[in-house]
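A.B. asks: Could you have a look at this structure, given as structure tokens, before my questions?
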Amino acid sequence: MIVASGLRKIYRVGSMEIKAVDGLDIFIEAGEFLSIVGPSGSGKTTLLHLLGLLDAPTSGSISIDGMDTAALSPKQLTRLRREKIGFVFQEFNLLPVLNARENVELPLRYLKVPAEERRRRALRALEMVSLTDRADNRPGQLSGGEQQRVAIARALVTEPVLVLADEPTGELDTYNTCKVIELMRDLNRDTGQTFAIVTHDPMVADYTRRIVSLRDGRIASDSAGPEAALECDAGAGDIR
Amino acid sequence: MFRYVLRNMWRRKARTFLTVFGIVVGIFALTVLGALSARLNQQVKGAEAWFTSKISVVPSGSSLFGGSEGYLELSKVDEIEAVPGVKSAVAGFGLTLGEESIGFGAPELIVGAELEKAGDLLSLIELNRGRLLQMGDERKAVLGSTLAEKFEAGPGDTVELRGKDFEVVGVYEPTLSAPDGFAFVSYEDALNLFREANPYFEVRDIAATIDVIPQPGVDMEELAARIAESVPGVKVISPAEAEKQISQFSLIFNAILLGIGFIALVVGGLSIVNTMIMSVSERTQEIGLKKAIGAETGSVLGEYLLESAMIGFFGGLVGMLLGLLAVALLNRATASSNVAVFTVTATVVVGPVVFATLLGTAAGIFPALRAARLKPIEALKED
């Protein structure tokens, strides 16, 4: 459960003030599947960074599972991020010198999980994204869709309470976009993990259960999503 | 972690190779010079034992290491012996073994000593086999260890010194210094050899050096000062003075070694810094990702420090091995003339590798700090 209130993030560029997030309250319940949409510059990525504890708000507060994050030191924030939050980025951000399994293991390394268990959990996460057979491949040998699925496995492997995805389908074709969203929705249903997806793709938003729309750093609308049925057209093909 | 860092290094093979090669060159030079210096220090150490257990009196204007101008009159021996505290003063006459002897380190010498009084002097070095020279020995020689090896001669064998046959009566233990290349003979024999070589030079009652053995319990430095005061026209080299000359000699070589080390430090270190800065900026996004998913500052710092330490380590290892190879080949090349120019000690092997690894680590500090201090969102944004 994430509660953010009076959230404000102001960047200063020279003498200019940019209010990326400007007095925003949001309440995300455990197990939600929501999208954050809005035109570019509306503050959605900044909001995601704030919720993900990657950036500190200028003012306002965020609490995760009842813990107020404002009082935490950078080290404690890192730990909280490590234990509670998973990230999926637009550009996948896999490490090119590690194979799929090793990439998925990475967050567990930082959690100091023993090697044997790390391996087991990574393989299970890869199984969840249907990539067991690609475990030994490096990112360069995987298609965009496969890479993003590896990244999702990496986000899930620590069993976080919150998965934050920043334009996770931004670099994927229609078919892979569909598959990735389908995967996230299934995982949300099966594991009960909370997913918050930043996207500018209306199709993606339509698949979610709640759509938070931002404009000028504030919430313009917050409504239930149509949660459209997914039918991924295999005819679009998986471009490798 | 090691494997991961190695894979990262392998991403830019050419650049990593060139950086490592830069270290290899520096460490190669350091290793070869280190072996050279180890050999010199060994010689100097041995020489110290020889030269500091006695007081040497030489013609004024010359030093411990040759450069003798003129000779001492034999009458000086009596004058020195008259100084209180002197047990014996032994006239010595040295000449080079070959007609021309240009070699590395101490030259091979024929050293003549007055046998009536030279007992104490000649027993400063331990005998390996045979016997010491005795009073009345003519055309007899005791060889230093290196010389004995060179002639492949032991007691009973005959060797040719400057065209004359000498019977070997004894061989000294190795001292790893100058006296290893000495052939000890009687004063008269040495003088005769000199006369042969210089037929137009009137040679009578002269000595090249006079070695002074003090009475037991006499302070050598004070005695040296007394001799210098009471015997005119000579230069007295006390043990302390000898040590000073010897250490000056080795100081120069150690300074050269330090200089090479410093150049290796600057050139190699800067190239590692450069490579690491490039690696860090290339991998900015990856660093951001790691920090986003929970890597601590220390873990990123350690990763990049390890990478630069490994560049140093590999460069050091390869450079050291190449250096040892070069040293072995050079020593083999000079083996025929029985001159070992290099000595490989533990320091020579371990030192350069440790040095290179520390250098790599130090060079990595700045780039690694840069990596570790990156803010995750800013790093992720960068393309």
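Laboratory data are not the source of any read-out in this text; all were calculated from the coordinates shown. The structure displayed is predicted, hence computed values, not measured ones. Here the Cβ is made from the backbone with ideal geometry for all residues, glycine too, and neighbour counts use every protein chain on show.
A.B. asks: Other chains' Cβ within 10 Å of A:85-91 residues: what's the mean?
C.D. replies: Mean shielding count: 3.
A.B. asks: Checking understanding here: applying a Kyte-Doolittle mean of at least 0.5 and a length along the axis of at least 30 Å (C-alpha), which whole DSSP H helices in chain B pass?
C.D. replies: Long hydrophobic helices here: B:13-51, B:239-282, B:297-333, B:346-372.
A.B. asks: Aspartates and glutamates within cross-link reach of B:Lys381: Cα-Cα under 17 Å, excluding same-chain residues under 8 positions apart?
C.D. replies: A:Asp55, A:Glu91, A:Asp166, A:Glu167, A:Glu171, B:Glu282, B:Glu286
A.B. asks: Just checking the output field for B:6-14: average partner chain Cβ neighbours within 10 Å of each residue's Cβ?
C.D. replies: Other-chain Cβ atoms within 10 Å of each residue's Cβ, averaged: 2.
A.B. asks: Given the rule -39500 (n - 2.57) for each run of at least 4 DSSP H residues, summed and divided by the residues of chain B, what is its mean residue ellipticity at 222 nm, to the nearest 500 deg cm²/dmol?
C.D. replies: -18500 deg cm²/dmol
A.B. asks: If I take R0 = 45 Å and measure r between the Cβ atoms of A:Asp136 and B:Ile256 in this structure, what FRET efficiency does the formula 1/(1 + (r/R0)^6) give, to the nearest 0.05?
C.D. replies: Efficiency, from the Cβ-Cβ distance: 0.25.
A.B. asks: Further question on the same structure: Excluding same-chain residues fewer than 8 positions from B:Lys54, which aspartates and glutamates have a Cα within less than 15 Å of its Cα?
C.D. replies: Partners within reach: B:Glu81, B:Asp120, B:Asp211, B:Asp219, B:Glu221, B:Glu222, B:Glu241, B:Glu243.
A.B. asks: Compute the label zone of A:Thr58 within segment A:7-28: residues whose backbone N is under 19 Å from the point 7 Å along Cα-to-Cβ.
C.D. replies: A:7-26
A.B. asks: Here's a follow-up. Mean separation of Cα pairs under 8 Å and 6+ residues apart, divided by the residue count of chain A: what relative contact order is that in percent?
C.D. replies: Reported as a whole number, the value is 28 percent.
A.B. asks: Another one. Between A:Ala30 and B:Lys244, what is the label-point separation in nm under the 7 Å Cα-to-beta-carbon projection?
C.D. replies: In this crude label model, B:Lys244 to A:Ala30 measures out at 8.5 nm.
A.B. asks: Same structure again: Among all the lysines, which ones have a C-alpha under 29 Å from B:Lys375's C-alpha, if same-chain residues fewer than 8 places away are not counted?
C.D. replies: Partners within reach: A:Lys9, A:Lys19, A:Lys44, A:Lys75, A:Lys84, A:Lys112, B:Lys13, B:Lys290, B:Lys291.
A.B. asks: Given R₀ = 35 Å, FRET efficiency for B:Phe17-A:Asp68 by Cβ-Cβ distance, to 0.05?
C.D. replies: It comes out at approximately 0.10.
A.B. asks: Follow-up question, since we're still on this one. Pairs to check: B:Lys87/B:Lys117; B:Lys45/B:Lys76; B:Lys45/B:Lys244; B:Lys45/B:Lys140. Give those whose C-alpha atoms are more than 21 Å from each other in this structure.
C.D. replies: Exceeds cut-off: B:Lys45/B:Lys76; B:Lys45/B:Lys140.
A.B. asks: Quick check on the exposure proxy: order B:Met135, A:Met16 from fewest to most C-beta atoms within 10 angstrom.
C.D. replies: Going from sparsest to densest Cβ surroundings: A:Met16, B:Met135.
A.B. asks: Out of the chymotrypsin sites (Phe, Trp or Tyr not before Pro) in segment B:1-54, which ones are loop residues according to DSSP with at most 14 other C-beta atoms within 10 Å?
C.D. replies: For chymotrypsin sites (Phe, Trp or Tyr not before Pro) across segment B:1-54 that sit outside H, G, I, E and B with at most 14 neighbouring Cβ atoms in 10 Å, the list is empty.
A.B. asks: Across the residues of B:281-293, average count of Cβ atoms on other protein chains within 10 Å?
C.D. replies: Across the residues of B:281-293, the mean count of other-chain Cβ atoms within 10 Å is 5.
A.B. asks: Using a basic spin-label model with each label point 7 Å from the Cα along Cα→Cβ, how many nm lie between B:Ser230 and B:Arg129?
C.D. replies: Taking the simple label geometry, B:Ser230 and B:Arg129 are separated by 4.5 nm.
A.B. asks: In nm, give the distance between the simple-model label positions of A:Ser5 and A:Arg215, each being 7 Å from the Cα along the Cα-to-Cβ direction.
C.D. replies: A separation of 2.6 nm, rounded to one decimal place.
A.B. asks: Would you give the gap between the C-alpha center of segment A:67-121 and the C-alpha center of segment A:164-185, rounded to a whole Å?
C.D. replies: For segment A:67-121 versus segment A:164-185, the Cα centre distance is 21 Å.
A.B. asks: Does anyone have the angle between helix A:115-128 and the longest principal axis of chain A? Alpha-carbon axes, 0 to 90°, nearest 10?
C.D. replies: 90 degrees
A.B. asks: Also, quick follow-up: Below 8 Å, C-alpha to C-alpha, sequence gap of six or more: please give me the relative contact order for segment B:113-219 in percent.
C.D. replies: 30 percent.
A.B. asks: Gain in length, B:Arg195 to B:Lys381, computed as 0.36 nm per residue apart minus the alpha-carbon separation, to one decimal in nm?
C.D. replies: Residue separation times 0.36 nm, minus the Cα-Cα distance, leaves 58.0 nm.
A.B. asks: If we sort B:107-117, A:209-219 on the protection proxy, mean other Cβ atoms within 10 Å, highest first, what's the order?
C.D. replies: B:107-117, A:209-219
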